[in-house]
Amino acid sequence: MTVLNLGIVAHVDAGKTSLTERLLFRAGVIDRIGSVDDGSTQTDSLALERQRGITIKSAVASFVVGGVTVNLIDTPGHPDFIAEVERALRVLDGAVLVVSAVEGVQAQTRVLMRTLRRLRVPTLIFVNKIDRRGARHEDLLADLAAKLTPALAPMGRPTGLGTPAAGFEPDTGRLAEALAEHDDDVMAAFVFDAPGVPLGAALARQTAGGLIHPVYFGSAVTGAGVDALVEGLATVLPAAGGDPDGPVSATVFKVERGPSGEKMAYVRMFSGTLRVRDRLAAGKVTAISVPDGGTAAPAGEVVAGQIGKLWGLRTVRIGDSIGEPRPGAEQLFAPPTLETVVVPRDPRDRPRLHAALVQLAEQDPLIDLRQDHELSVSLYGEVQKEVIEATLATEHGVLADFRESTTIYVERVTGTGEATEILGAPDNPFVATIGLRIEPAPPGSGVAFHLDVPVEAMPMYVYSSASLFHAAMHDYVRSTLRQGLHGWDVTDCLVTMTQSGYSAPVSTAGDYRKLTPLVLMRALHRAGTQVCEPVHRFHLEVPADTSGAALGLLSKLGAAPDTQHPHGDWHDVSGTIPATRIHDLSRRLPGISHGEGVLEYAFDHYRPVRGIPPTRPRTDHNPLDRKEYLLWVERRVAL
């Protein structure tokens, strides 16, 4: 069985859900093409998705083409739901990046392409909407090369551009020139006009290696160019690999709840086989289904290369590894930069609100539910806030209000700090020895963890293997660093375990889990942290006669323009702006630009806060205060 796990990604409104519908219709999975506007699409199954005409949750459908079973994952395009895209990218064998022939390369398009290339996900580009007025060809190809990547291989050319009769004419005349950049045999054939070089094999090889990106033009609405794209899916993109008889290794990329509240986990199998009745750390597998012709078919097992839906894993969470952990679990996109307090309209609904938010956080861990004297959640933007509010009302029957969104800061380590707790010491109530060192790491690297202790110092009777001990300690470290010295997430650091000790058979995982915060926060206190604020990169397009007002507003909001480009009646400005001011800019832009200004922005970096650093209340029993922490964790006063 040949399987291709395929993702369709795009900037919002580029037409990826419409392309999904067209592919399913062409394969005979559905007998009519649904409409995003009418809320009748196959993969947008949530009521909110149908009402709003946007994809909110990733959806999986399947079809067969050329002997290949394609598991197709339709992902959100709106940047507020980028976390859903991130989880999907981790399980793909290939992707189709959809670009509008009218709007061209947009902010989210660039973010997605950079990430696909960084992960080396083989990617085809489908230029959609060639039947729309204003559709472009050659200058759009130039735009793709300049803004996404020059490694493009046009697979043909559009005909009747900008008309309802627009079509796509396959043409490999420019293919040899594109492939010759990375293949000496193709180069020789191209230069000397030698026949017999198999361009198809070279194209598949270079696409699989991320060296080239085939480009197709078409229309998801009319079906133009879709046949050529489908042929590319079957012949150009690499199929899923993995040994069904190897050790089990899978990743959970989606969690749902059924009508009775039961959890269902979507997994991508990279190695091995999972069967019904297998016992895992998160529970016992009670049922399995696999995508089959647009539906989910019951199965006794799910094997390497496949996507499966598992029942029975009561404690499973999105992002969990099943079996052997896979490398490269770092976060691909920036975390949310906003948070808001959620308040039930009826105070008696607080327990129900909390339970509902817990379920939403299971499906999207980046919501990051926090509870002290109030409930708060993290957000990417205001649209996500509206969706959460509507979900609480329609699916959980809880009416809630959201306070004004505030900025989420992070903490970066400024020095190196070490701390150790020794098993048997009078003030250590835990049956374990832990030594940790924390030091700064490059921006964007997240939280890295290394073991620098011998295997014999690890309690193998608890964790089974060095890799599982490493994974557990990494999890304890990341959990602790969610609240630094000022209460914010600590990022861009390296934590090294320098000492470990145990007493068999008394030491437990709980000893390591509970002792880690005490040791790590003491090391962090010695290292010191700096609170940093999120900064967005923006691109602003305004009428030329309003550029002065636009630049004045940017200056008042603390923006730093670094590129200005007048073109005809328009003026483009790009630069950086504090995330705290981006909503002010969005709100005031229509007034200064006669309603014609266009703003695009995306997270760019963090920078140190000037002045007194903001703080956030702790919710972790405060391991910075030894007495308070032990009182809560051990339920007794420390000796």
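The values are calculated or read from the model by the stated rules, or taken from the named source; none is laboratory data. Just so you know, these numbers come straight off a predicted model, no measurement behind them. Note that each Cβ is placed from the backbone with ideal geometry, even for glycine, and that neighbours are counted across all protein chains shown.
Say whether the condition of being β-branched (V, I, T), at pLDDT below 95 and touching a Leu at 6+ places or on another chain (Cβ under 9 Å) is met by at least one residue in the range 481-492.
Looking through the range 481-492, at least one residue is β-branched (V, I, T), at pLDDT below 95 and touching a Leu at 6+ places or on another chain (Cβ under 9 Å).
Among the residues of the range 400-446 satisfying the criterion of being assigned to a loop (DSSP other than H, G, I, E, B) and of a type in the set (D, E), which is farthest from V377 (Cα to Cα)?
This residue is D427.
Residue check: is L494 outside the structural domain of L585 (by TED's automatic domain parsing) and either assigned to a strand (DSSP E or B) or in contact with a His (Cβ under 7 Å, 6 or more places away or on another chain) (or both)?
yes
Which condition does G209 not pass, out of (1) crowded, with 17+ Cβ neighbours inside 10 Å; (2) under 23 Å from the mean Cα position of the chain (by Cα); (3) in the same structural domain as L141 (by TED's automatic domain parsing), if it passes all the others?
All conditions pass for G209, except number (1).
Any residue that is farther than 19 Å from R437 by Cα and of a type in the set (A, V, I, L, M, F, W, C) - is there at least one of those in the range 514-526?
No, the range 514-526 has no match at all.
P154: buried (at least 17 other Cβ atoms within 10 Å of the Cβ), at pLDDT 90 or above and out of contact with any Gly (no Cβ under 7 Å at 6 or more places or on another chain), yes or no?
yes
Anything in the range 214-256 that is among the hydroxyl-bearing types (S, T, Y) and buried (at least 17 other Cβ atoms within 10 Å of the Cβ)? List them, or say none.
Y216, S219, S249, T251
Table: residues versus (1) closer than 25 Å to L280 by Cβ; (2) at pLDDT below 95; (3) not β-branched (V, I, T).
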| site | (1), (2), (3) |
| --- | --- |
| L436 | no, no, yes |
| P442 | no, yes, yes |
| L468 | yes, yes, yes |
| M521 | no, no, yes |
| R526 | no, no, yes |
| Q530 | no, no, yes |
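What single numbered condition from (1) surrounded by 17 or more Cβ atoms within 10 Å (Cβ to Cβ); (2) touching a strand residue (DSSP E or B) at 6+ places or on another chain (Cβ under 6 Å); (3) of a type in the set (D, E) fails to hold for D401?
Going through the list (1) surrounded by 17 or more Cβ atoms within 10 Å (Cβ to Cβ); (2) touching a strand residue (DSSP E or B) at 6+ places or on another chain (Cβ under 6 Å); (3) of a type in the set (D, E), D401 breaks only (1).
Going through the range 297-335 one residue at a time, which ones are part of a loop (DSSP other than H, G, I, E, B), farther than 18 Å from L280 by Cα and modelled with pLDDT of 80 or more?
Residues satisfying the conditions are G305, Q306.
Residues that are more than 30 Å from the chain's Cα centre (by Cα): list the strands (runs of 3 or more DSSP E) wholly contained in the range 532-639 that include at least 1 such residues.
Qualifying strands (runs of 3 or more DSSP E): 560-567, 570-578.
Out of E389, E411, which single residue is of a type in the set (D, E), free of Cβ contacts under 8 Å to residues at least 24 places away in the same chain and in contact with a Phe, Trp or Tyr (Cβ under 7 Å, 6 or more places away or on another chain)?
E389
Collect the residues in the range 259-280 that are closer than 30 Å to E395 by Cβ and free of Cβ contacts under 8 Å to residues at least 40 places away in the same chain, keeping them in residue-number order.
Matches in the range 259-280: P259, S260, G261, M269, V276.
Could you list, in sequence order, all residues of the range 424-448 that are of a type outside the set (G, A, S) and surrounded by 19 or more Cβ atoms within 10 Å (Cβ to Cβ)?
If the condition is that a residue be of a type outside the set (G, A, S) and surrounded by 19 or more Cβ atoms within 10 Å (Cβ to Cβ), then N428, F430, V431, T433, I434, L436, R437, I438, V447 are the ones that fit.
All but one of (1) part of a loop (DSSP other than H, G, I, E, B); (2) more than 17 Å from D227 (Cα to Cα); (3) among the aliphatic types (A, V, I, L, M) hold for A142; which doesn't?
Of everything listed in (1) part of a loop (DSSP other than H, G, I, E, B); (2) more than 17 Å from D227 (Cα to Cα); (3) among the aliphatic types (A, V, I, L, M), A142 misses just condition (1).
Check off (1) at pLDDT 90 or above; (2) assigned to a loop (DSSP other than H, G, I, E, B) for G232 and give me the number that stays unchecked.
With (1) at pLDDT 90 or above; (2) assigned to a loop (DSSP other than H, G, I, E, B) applied to G232, the lone miss is (2).
Which residue pairs have Cβ atoms under 6 Å apart, sit 6 or more places apart or on different chains, and have a first residue in the range 606-625 that is over 19 Å from L375 (Cβ atoms) and a second that is of a type in the set (A, V, I, L, M) and surrounded by 16 or more Cβ atoms within 10 Å (Cβ to Cβ)?
Here the result reads Y606/V410; R607/V535; V609/V531; P613/V531; P623/L518; P623/M521; L624/M521, each pair linking the range 606-625 to a residue that is of a type in the set (A, V, I, L, M) and surrounded by 16 or more Cβ atoms within 10 Å (Cβ to Cβ).
Can you pull out every residue in the range 472-490 that is under 20 Å from the mean Cα position of the chain (by Cα) and crowded, with 23+ Cβ neighbours inside 10 Å?
Answer for the range 472-490, where residues must be under 20 Å from the mean Cα position of the chain (by Cα) and crowded, with 23+ Cβ neighbours inside 10 Å: just V490.
Which of the residues spanning the range 207-228 are farther than 21 Å from G66 by Cβ, touching a Pro at 6+ places or on another chain (Cβ under 7 Å) and hydrophobic (A, V, I, L, M, F, W, C)?
Across the range 207-228, the qualifying residue is only F217.
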